[in-house]
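Novice: Let me begin by handing over the structure; questions about it come next.
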Amino acid sequence: METLQVHELLARLLLVLATMILFKRVLPSPSKRPTTTTGPCRAARRCARPPGSPTACGTFWRAARRACLSELLGAPRVRGFRGVREAEAAALVAAVADESSDRDGGSPVNLSDRLVATTNRIVRRVAFGDDGDSIRTRAILEETQRLLGAFFVADYMPWLGWLDAVRGLRRRLDRNFRELDAFYEKVIDEHIDKGTKSKEEGDLVDVLLRLHNDPAHQSTFGSRSQIKGILTDMFIAGTDTSSATVEWTMTELVRNPDVLAKAQQEVRSVVANKHMVHESDLPRLHYLKLVIRESLRLHPPAPLLLPRETTEPCTVRGCEVPAGTRVLVNAKAIGVDPDAWGADAARFVPERHRGDGADLNDHKPWHADSYALVPFGVGRRSCPGVHFATAVVELLLANLLLCFDWRAPHGHGEVDVEEENALTVHRKNPLVLVAKRRCVTSGRS
Ligand code: HEM
């Protein structure tokens with residue numbers, strides 16, 4: 001049912017788009033990312049003044065986004081980090097095998113913790129070349145994530161902003177900013193000391209420093225603050241979303257044993273007697289790709305995408321929407337919109353994506369014409385990390401399915417789907433599953 005939800009939050013109008021038809025109507029209207037005084041993005045913005053993060057707006061945003069797509073997150077660069085992803089997938093398998101090896105039938109493993117640690121390490125290695133498991137670095141970056149997901153009263157009712165100070169949020173923000181800034185200073189200095197790398201080599205800091213020294217990119221990457229802002233965005237946007245996607249997909253697979261068996265059978269027949277799935281195997285895992293789409297439909301990790309703000313007035317269903325209205329797109333509601341997905345929209349049925357005619361190896365937004373499936377957003381504000389995310393999610397899942405048999409600790413199907421609301425929606429309770437190592441008698445790695 002098409003409904004227009006406009007809420008007046010004292011000072012600010014908030015428009016929530018909960019169906020694909022509404023989203024399609026509002027999307028062409030000019031918009032920007034809202035500039036919040038505190039709250040989401042403050043840590044990134046304070047590391048990066050004048051606006052140094054691609055989530056900001058205007059000319060800088062356009063240039064930074066173009067550079068992100070071509071230099072940082074484009075297909076060739078993403079392919080270049082394949083070794084990191086494969087090594088971390090192998091480390092994940094080894095860690096799960098270790099934790100589950102107590103008993104013959106396998107023992108329970110806290111998969112949620114393992115997945116967060118794995119995606120965290122992947123993004124840190126790709127972004128900063130940080131492959132030591134520094135507990136301190138992890139703690140700083142995790143606190144940044146928590147703060148970006150926190151609700152700051154000042155963002156909606158500026159005159160009540162003192163409440164944020166009373167709640168201790170401002171103090172935490174300031175401390176986190178100082179720690180994050182010191183961490184980035186150290187990382188950047190170390191990279192400068194190590195010297196210039198060729199265009200193809202290095203991590204994202206190396207790429208950003210090359211752009212920093214290139215006169216053609218001076219306005220976008222000319223200051224350290226801008227580099228810091230971009231690194232923060234990459235880390236925040238890339239870590240939690242990817243681990244949540246794997247976590248929710250494993251949740252649904254265990255709840256739907258037939259789907260699990262089918263996905264597992266596909267992976268095992270495609271890689272035959274190898275010990276690991278490599279990225280070169282991924283294009284042949286068609287059913288797994290359907291499973292991931294279905295999981296992102298029911299559990300988009302960023303269910304409200306990122307907020308936008310209209311820059312010009314527009315009319316939606318006869319309703320005047322003034323400039324400056326904050327727009328939230330409810331991707332989760334769109335994903336279960338019965339007009340698009342039918343009466344069984346709430347069920348996990350990967351096969352429903354089979355007939356959509358889209359190339360499963362194409363990273364353009366799926367169902368882009370109908371806007372019925374938008375976990376990565378649509379249009380010029382959509383996620384620039386979709387190539388990278390797809391590679392991580394597919395590789396981790398394929399290896400978990402190849403190497404282990406999975407079940408809920410108390411028998412098949414008994415896994416809850418309670419959500420924890422934050423910037424990225426994870427499970428409320430950690431996903432604890434019994435993993436039984438699969439024996440491969442002979443084979444290649
Ligand atoms: C499954 C994993 C991921 C999902 C579901 C996801 C989803 C999203 C969504 C919904 C948005 C906002 C789109 C909008 O408002 O229309 C976004 C923005 C963004 N994502 Fe992702 N993302 C994922 C992984 C990644 C990764 C791995 C990276 C980078 C390493 C990344 C980088 C970004 C950046 C920089 C933005 C801000 C773009 C802008 O404002 O122009 N994302 N992502």
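Novice: Compute the whole-percent fraction of alpha carbon pairs in region 154-294 spaced more than 27 Å apart.
Specialist: Above the 27 Å cut-off, region 154-294 has 54 percent of its Cα pairs.
Novice: Moving on. By count of other Cβ within 10 Å, fewest leading, how are 424, 239 ordered?
Specialist: 424, 239
Novice: Another question about this same structure. Under 15 Å from the Cα of residue 24, which aspartates and glutamates turn up, not counting those fewer than eight places away in the same chain?
Specialist: 2, 337, 339, 369
Novice: A further question follows. Given H placed 1.01 Å from N in the peptide plane, which residues other than close sequence neighbours of residue 31 have an amide H under 5 Å from its amide H?
Specialist: 311
Novice: Taking amide H atoms as placed 1.01 Å from N in the peptide plane, list the residues 5 or more away in sequence, or in a different chain, whose amide H sits under 5 Å from that of residue 404.
Specialist: 438
Novice: Spelling out what I want: for every residue of region 211-224, take phi, set θ = phi - 60°, compute 6.51 cos²θ - 1.76 cosθ + 1.60 (Karplus), and round to whole Hz; glycine and proline get x.
Specialist: Residue by residue, region 211-224 yields 5, 4, 8, 9, x, 5, 10, 4, 5, 8, 10, x, 10, 4 Hz.
Novice: Same structure, new question: Per residue of region 393-403, what does 6.51 cos²θ - 1.76 cosθ + 1.60 with θ = phi - 60° give for ³J(HN,Hα)? Whole Hz please, x for Gly and Pro, Karplus curve as stated.
Specialist: Going residue by residue, I get 5, 5, 5, 5, 5, 4, 6, 5, 6, 5, 8 Hz, with x marking Gly and Pro.
Novice: Would you mind ranking 205, 116 by Cβ crowding within 10 Å, fewest neighbours first?
Specialist: Fewest to most other Cβ atoms nearby, the residues stand as 116, 205.
Novice: Right, here's the next one. Would you grab the residues whose amide H sits under 5 Å from the one on residue 321? Only those 5+ places off in sequence or on another chain, please, with H modelled 1.01 Å from N.
Specialist: The list, which skips near neighbours in sequence, is 314, 315, 316.
FYI, it's all coordinate maths here, none of it is from the lab. Being a predicted model, the structure only gives us computed values, none of them experimental. Because the Cβ atoms are built from the backbone with ideal geometry, glycine has one as well, and the counts that use them run over all protein chains shown.
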